[in-house]
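Asker: Starting off with a structure, shown below.
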Amino acid sequence: MSIKLVFGTQWGDEGKGKVVDYYGEKADIVVRYQGGNNAGHTIKIGDDVFKFHLLPSGVVRGKISVIGNGVVVDPEVLIHEIEELRKRGIEPKLIISDRAHVIMPYHKILDGAEERFRGKKKVGTTGRGIGPCYSDKIARLGIRMGDLIDPETLRERLEFLIQLKNRIFEAYGIPERLDVDEVFEKYSEYGEYLKDMVRDTVEFLHMSMDKEILLEGAQGAMLDVDFGTYPYTTSSSTIGGGASTGSGIPPSKIDEVIGVVKAYTTRVGMGPFPTEQENEIGKHLCEKGHEFGTTTGRARRCGWLDLVVVKHALRISGATSIAITKIDVLEGLSRVKVAYAYDIDGKKVDNFPANLRDIGKISPIYKEFEGWNMTDREWEKVKEEGMDALPSNVREYLDFIEKETGIRIKMISYGPAREETVEL
Ligand code: GDP
Ligand code: IMO
Ligand code: MG
């Protein structure tokens, strides 16, 4: 039995949902460990498409699904997601950590207000209250799932917190005021609905160490609050290490760390993106890859694969293998480029800088490849015979990724469906 971790190596939307669904077949338990409903993970099974924001992707396969302590939970969204799934005939086997923090109405209001204050320098958040909820967690001003399901504690926390938030609204010039009774009534109902699912997930996971556990990351390493393009990041630890703090599973127990690498790069929201292509190439990637946000519907910015980014992500997460996704989207391009280093002020750099000013000076150094096209029959052959059956142009592209990163490719995804996957 083993514990596998799947995380994003870029700016999110790498296809983590699909990869988790693929490995989910053999898993007993699937765990979300950070982020909230800023995430949007898509799974395609036959003609059915599922989009999950909070529920771990394992729910579609009927696996035990855990929302870990590192996740921030909007109860309204979670209940909606559970109800939608029930309508589709699936009863989620869900367990929610009593330590997970709750996104409250004031978090959503403050998310919008902070973005307005940032003006031109806005982050382009999903507006779901993620940043303010994590801020309150760190400031020890949060409400946790264990508090939500205990009316007495909820009331006590709200009496103090709503007073504080209303004062902040006033100082910020936000016209809204929240009422303790109203918020209490609504949120204690959510608590009542969810209470049987809330428990000590740390205890549960430690009792289940002999099972097959899959840890499902959200966002990507470049959105990590420490290692990403700060301040244009999300507010959680999206790298491999986040899985331990967000679930209570110690690092030494994690057997495999799989970095999901989209064959090109996308980014939603603002912030630096060195290999961005605001041209016909970007248009090709956006259209062929259907690059529109799962959560907000925004068009994703598109560009070439950036191995400086990927190497940074794999290194800090301790990746043991790579899953390449959306390789099919590169088909139809006559030439394909990959950045493997940067030129900054005339110096060759191959690690990702921390400072926005340095990042702004990046000129990517590319290697070029001949394009390719592959038929389903050719992919079937790769499934039977392995990498050697790949046409030489694709092979060169993938070999370059392995050589530069020093990490082996374990899986290739060439379409959104479950079957469009080769395991190597
Ligand atoms: P996540 O947030 O990392 O789970 O990724 P999203 O679900 O937000 O975005 C990935 C999108 O690409 C979804 O619409 C998937 O159905 C789709 N997808 C996943 N893998 C592949 C692939 O190999 N090829 C193509 N064409 N689409 C894919
Ligand atoms: P998945 O799990 C892509 C981005 C937002 C914004 C920044 C901060 O589907 O890969 P936030 O609302 O988190 O405060 O926004 O992070 N972002 C994502 N981009 N995929 C995601 O999740 C994202 N979650 C947040 O667009 O730039
Ligand atoms: Mg997504």
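The values are calculated or read from the model by the stated rules, or taken from the named source; none is laboratory data. Please read these numbers as outputs of a predicted model, since none were measured by experiment. Please note: Cβ atoms are built from the backbone with ideal geometry, for glycine as well, and neighbour counts cover all protein chains shown. Heavy atoms of the whole protein, side chains included, go into the accessibility calculation; ligands, DNA and RNA do not. Shrake-Rupley method; radii C 1.70, N 1.55, O 1.52, S 1.80 Å.
Asker: Quick one: net charge of Phe7's neighbours, Cβ under 11 Å, K/R +1, D/E -1?
Answerer: After counting each charged neighbour, the total is -1.
Asker: Something else: Does anyone have the angle between helix 105-118 and the longest principal axis of the chain? Alpha-carbon axes, 0 to 90°, nearest 10?
Answerer: 60 degrees
Asker: Quick one: which of Lys26/Lys195; Lys4/Lys44; Lys4/Lys87; Lys108/Lys262 span more than 25 angstrom between C-alpha atoms?
Answerer: Lys26/Lys195; Lys4/Lys87; Lys108/Lys262
Asker: Next up: Determine the per residue accessible area of the chain with all protein chains present and a 1.4 angstrom probe, expressed in square angstrom.
Answerer: Ligands and nucleic acids excluded, the result is 42 Å² per residue.
Asker: Using only DSSP helix segments of four residues or longer, with each worth -39500 (n - 2.57), what per-residue ellipticity at 222 nm results for the chain after dividing by its residue count and rounding to 500?
Answerer: Only helices count here, giving -10000 deg cm²/dmol.
Asker: Within the P(r) computed for segment 169-263, what percentage of the Cα pairs occupies the region above 16 Å?
Answerer: For segment 169-263, the share of Cα pairs beyond 16 Å comes to 72 percent.
Asker: Residue by residue through segment 267-281, what is 3J(HN,Hα) from phi via Karplus (6.51 cos²θ - 1.76 cosθ + 1.60, θ = phi - 60°)? Round to whole Hz and write x for glycine and proline.
Answerer: Those phi angles translate into 8, 10, x, 8, x, x, 7, x, 9, 4, 10, 8, 7, 4, 5 Hz.
Asker: So, one more: Let me check against my output: what whole-number percent is the relative contact order of segment 101-197, with C-alpha pairs under 8 Å and at least 6 apart?
Answerer: 27 percent
Asker: A further question on this structure: Compute the acute angle (0 to 90°) between the alpha-carbon long axis of helix 376-385 and the principal axis of greatest extent of the alpha-carbon atoms of the chain; round to the nearest 10°.
Answerer: On a 0 to 90 degree scale, this one is about 90.
Asker: Over the chain, what is the mean sequence separation of C-alpha contacts under 8 Å (at least six apart), divided by residue count, expressed as relative contact order in percent?
Answerer: 20 percent
Asker: Are there any GluC sites (Glu not before Pro) in segment 167-249 that are in a DSSP loop and have at most 14 other Cβ atoms within 10 Å? List them by number.
Answerer: Glu176
Asker: Right, next: Can you tell me the 0 to 90 degree angle between the C-alpha axis of helix 151-172 and the longest principal axis of the chain, rounded to 10?
Answerer: 70 degrees
Asker: Follow-up. State whether segment 101-197 is rounded, prolate or oblate according to the following rule on the C-alpha gyration tensor (a ≥ b ≥ c being the square roots of its eigenvalues): a/c under 1.5 gives rounded; otherwise a/b larger than b/c gives prolate, and the remaining case gives oblate.
Answerer: The shape class here is prolate.
Asker: If you don't mind, another one. Provide the descending list of Cα extents for segment 311-376 along its principal axes, expressed in whole angstroms.
Answerer: Here the spans come out as 44, 29, 16 Å, largest first.
Asker: Does segment 1-88 come out rounded, prolate or oblate, given a ≥ b ≥ c as the square roots of the eigenvalues of its C-alpha gyration tensor, rounded meaning a/c under 1.5 and, failing that, prolate meaning a/b above b/c?
Answerer: Rounded is the answer for segment 1-88, as its axis ratio a/c remains below 1.5.
Asker: Largest first and in whole Å, what are the equivalent-ellipsoid semi-axes of the chain based on the Cα gyration tensor, each being the root of 5 times an eigenvalue?
Answerer: 37, 26, 18
Asker: Rounded, prolate or oblate: which fits segment 293-424 when a ≥ b ≥ c are the square roots of the eigenvalues of the alpha-carbon gyration tensor, with rounded for a/c under 1.5 and prolate only if a/b beats b/c?
Answerer: Prolate is the answer for segment 293-424, as a/c is 1.5 or above and a/b outweighs b/c.
Asker: Within segment 163-179, find all residues whose amide N lies under 15 Å from a label point positioned 7 Å from the Cα of Ala139 along Cα-to-beta-carbon.
Answerer: 163-174
Asker: Sticking with this one: Tell me which residues come under 5 Å, amide H to amide H, from Leu215 once H is placed; ignore anything under 5 positions away on its chain.
Answerer: Lys4, Leu5, Val6, Val31
Asker: Can you sort Arg300, Arg199 by 1.4 Å-probe accessible area, starting with the largest?
Answerer: Result, largest first: Arg199, Arg300.
Asker: Right, here's the next one. Could you sort the peptides 329-338, 302-311 by per-residue average Cβ neighbour count (10 Å cutoff), highest mean leading?
Answerer: So the order, starting with the most tightly packed, is 302-311, 329-338.
Asker: Roughly how many Å is it from the Cα centre of segment 5-81 to that of segment 375-413, as a whole number?
Answerer: 26 Å
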